Amino acid sequence: MGRSDRPRRFPEGFLWGASTSAHQVEGGQHNDWSEWEKLNADRLAGSAERTYAHWLEGWDRIKPQATDPANYLSGLACDHYHRYEADFDIMHQLGMNAYRFSIEWSRVEPAEGRFDEAQIEHYRRVVAALRQQGIEPFVTLWHWTFPVWLSDEGGWLSPRSTRLFARYAVKMVQALRLDVKFWMTINEPEEYSASAYLWGHWPGRKGFWRYLAVNRRLVQAHRSAYHAIKRVNPDARVGVAKNNNYFEPFPRKLINGLLKASADWWKNDYFFNRTRGCHDFIGLNYYYHDRLDFEWSDVGQILAGSFRGKNENRAVSDLGSELYPQGIYHALTDLKKYGKPIYITENGLADAADRQRAWFIAETLKNVHQAIADGADVRGYLHWSLLDNFEWDKGFWPRFGLVEVDHRTLERRVRPSACEYSRIIQRNEV
Ligand code: IFM
């Protein structure tokens, strides 16, 4: 048997699962995003052709949905808020033993300082249902949405936001302390700050200084929530879900090496460096590889923060991003320097036809296995996503789910790739 065909076993106790976030799957939200969607749905539908048609393969297939304003309203989403038990049954059947989801702050604190016990009880039931199925909960406290009362005050730009966030975090940790071990304060800090404040694509206010201020505030928010959580539950394992890329100087030459060093410094390391001592584990959301090959014409894009690598793009997702499963090996081995256990808290692709997902998962896992063999302490893999969900300003057309969701009938259908993933899980090897 050739080296590449040899089965690769994962460590005993490796966690296998999938991830979601509240706004993308629960349905029935009232938060800053649901308000923004109402104001922007027509604009997004009207500009979709201009935005995508000239570069996105498969545009003709996507067009009817992407040009329909209804696509940009999260509405009932997957109605996971009411259907979570049935969704956990599917996870159980697939053999998963870990689930990452987020708590919707706007539900549990709909008005400042007024916590809604019925909503907190809802999340207690969610966690109990997971435990009953033998599924380990990984809970994110902030996956990009604010209660409207706080977004009206400026969200993370409000100087009070870190204190308010820590108070909400403590409330949730106290409520779920016996049943939840793994907590993530924040999802993908840099993706959020850039999309909302640098590019202005999301709720927030575009502005370079505001962008920097929000980055600093996210650092403070993580630090203060980390300490507050540890005070009420020293046994809690607290981290973030961090979006690190693999920047590859290509070809290897000085200028490309410098470009890599700066990209790594800002995108991959800044947040970790500023929050040292405040991570019990590292949550890695891995999606992107960027080949860096400097040309003077790139300077404008670099300054605008919109620089993208010059990738080969042999395989791409429905969103046009390169599928490069080798990249995760580099992202993982780079994280060894923090000396913490690593959980892959997201990794996936938009693939409506499910043509590439099984291949992508298997190849990714081979690279994860190799990273473990080379010393990365990786303890779990949670695929993004369990369900086809609401992909923020793109709406419902990008389909990331292991489980397909018909958003009109809300019916679920397990995709063939999920069955392939399940076989890997059952054998604990790829
Ligand atoms: O859907 C998002 C998720 O909310 C954060 N990480 C990337 C996913 C796919 O774009």
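The values are calculated or read from the model by the stated rules, or taken from the named source; none is laboratory data. Small disclaimer: the values here were computed from a predicted structure and weren't measured. Cβ sites come from the backbone with ideal geometry, for glycine too, and all protein chains shown count toward neighbours.
Selection within region 373-402: residues that are surrounded by 20 or more Cβ atoms within 10 Å (Cβ to Cβ) and over 17 Å from the mean Cα position of the chain (by Cα). The member of this set that is nearest to LEU94 (Cα to Cα) is VAL378. Taking TYR168, is it more than 16 Å from the ligand (Cβ to nearest atom), in contact with a Gly (Cβ under 8 Å, 6 or more places away or on another chain) and at pLDDT 95 or above? For TYR168, the condition - more than 16 Å from the ligand (Cβ to nearest atom), in contact with a Gly (Cβ under 8 Å, 6 or more places away or on another chain) and at pLDDT 95 or above - is not met. Restricting region 338-387 to residues that are touching a helix residue (DSSP H, G or I) at 6+ places or on another chain (Cβ under 7 Å) and among the aromatic types (Phe, Trp, Tyr) leaves a set whose member that is farthest from TYR421 (Cα to Cα) is TYR338. Among the residues examined, TYR192 qualifies as at pLDDT 95 or above, under 18 Å from ILE103 (Cβ atoms), aromatic (Phe, Trp, Tyr) and surrounded by 16 or more Cβ atoms within 10 Å (Cβ to Cβ). Remark: pairs (first residue in region 258-270, more than 19 Å from ASN285 (Cβ to Cβ); second residue surrounded by 15 or more Cβ atoms within 10 Å (Cβ to Cβ); Cβ separation under 6 Å; 6+ apart in sequence or on different chains) = LEU259/LEU292; LEU259/PHE294; LYS260/PHE247; LYS260/PRO249; LYS260/LEU292. None of ILE62, ILE90 is under 30 Å from GLU12 (Cβ atoms), of a type in the set (Val, Ile, Thr) and either touching a His at 6+ places or on another chain (Cβ under 8 Å) or buried (at least 16 other Cβ atoms within 10 Å of the Cβ) (or both) except ILE90.
Just one of the listed residues (LEU150, LEU141, LEU178, LEU164) is assigned to a loop (DSSP other than H, G, I, E, B) and not polar (S, T, N, Q), namely LEU178. Listed by position, the helices (runs of 4 or more DSSP H) inside region 3-120 whose residues that are within 16 Å of the ligand (Cβ to nearest atom) number at least 3 are 22-25, 32-52. Might you let me know whether region 359-366 holds any residue that is crowded, with 20+ Cβ neighbours inside 10 Å and among the aliphatic types (A, V, I, L, M)? For region 359-366, residues crowded, with 20+ Cβ neighbours inside 10 Å and among the aliphatic types (A, V, I, L, M): present. Being in contact (Cβ under 8 Å) with a residue 40 or more places away in the chain and either closer than 18 Å to LYS181 by Cα or not hydrophobic (A, V, I, L, M, F, W, C) (or both) is a property that holds for GLU104.
Among the residues of region 108-137, those identified as touching a Leu at 6+ places or on another chain (Cβ under 9 Å) and aliphatic (A, V, I, L, M) are ILE120, VAL127. Every test in (1) closer than 30 Å to ILE425 by Cα; (2) more than 16 Å from the ligand (Cβ to nearest atom); (3) crowded, with 17+ Cβ neighbours inside 10 Å is passed by GLY134 save one, and that test is (3).
Out of all the residues in region 403-414, is one or more within 12 Å of the ligand (Cβ to nearest atom) and under 30 Å from GLU49 (Cβ atoms)? Taking every residue of region 403-414 in turn, none turns out to be within 12 Å of the ligand (Cβ to nearest atom) and under 30 Å from GLU49 (Cβ atoms). Restricting attention to region 191-221, the residues being hydroxyl-bearing (Ser, Thr, Tyr), within 16 Å of the ligand (Cβ to nearest atom) and farther than 14 Å from ASP32 by Cβ number 1. Checked against the criterion of being within 15 Å of the ligand (Cβ to nearest atom) and either touching a residue at least 24 places away in the same chain (Cβ under 8 Å) or not charged (D, E, K, R) (or both), region 328-341 has at least one qualifying residue. Only one entry of VAL430, VAL403 meets the criterion of being among the β-branched types (Val, Ile, Thr) and within 16 Å of ARG9 (Cα to Cα), and that entry is VAL430.
State whether one or more residues within region 312-321 are over 22 Å from the mean Cα position of the chain (by Cα) and on the phi < 0 side of the Ramachandran plot. Yes, region 312-321 contains a residue that is over 22 Å from the mean Cα position of the chain (by Cα) and on the phi < 0 side of the Ramachandran plot. From the residues in region 179-210 that are among the aromatic types (Phe, Trp, Tyr) and in contact (Cβ under 8 Å) with a residue 40 or more places away in the chain, which one is farthest from TRP105 (Cα to Cα)? Across region 179-210, the extreme among qualifying residues is TRP199.
If only residues of region 319-354 that are more than 26 Å from ASP269 (Cβ to Cβ) and in contact with a Ser or Thr (Cβ under 9 Å, 6 or more places away or on another chain) are counted, the one that is surrounded by the fewest Cβ atoms within 10 Å (Cβ to Cβ) is ASP354. Looking across region 264-299, just one residue is small (Gly, Ala, Ser) and modelled with pLDDT under 95, and that is SER297.
For region 373-402, how many residues meet the condition of being within 12 Å of the ligand (Cβ to nearest atom), in contact with a Lys or Arg (Cβ under 7 Å, 6 or more places away or on another chain), of a type outside the set (A, V, I, L, M, F, W, C) and under 21 Å from THR333 (Cα atoms)? So the count comes out to 0.
Scan region 31-50 for residues that are surrounded by 14 or more Cβ atoms within 10 Å (Cβ to Cβ) and either in contact with a Ser or Thr (Cβ under 8 Å, 6 or more places away or on another chain) or not aliphatic (A, V, I, L, M) (or both) and the total you get is 10.
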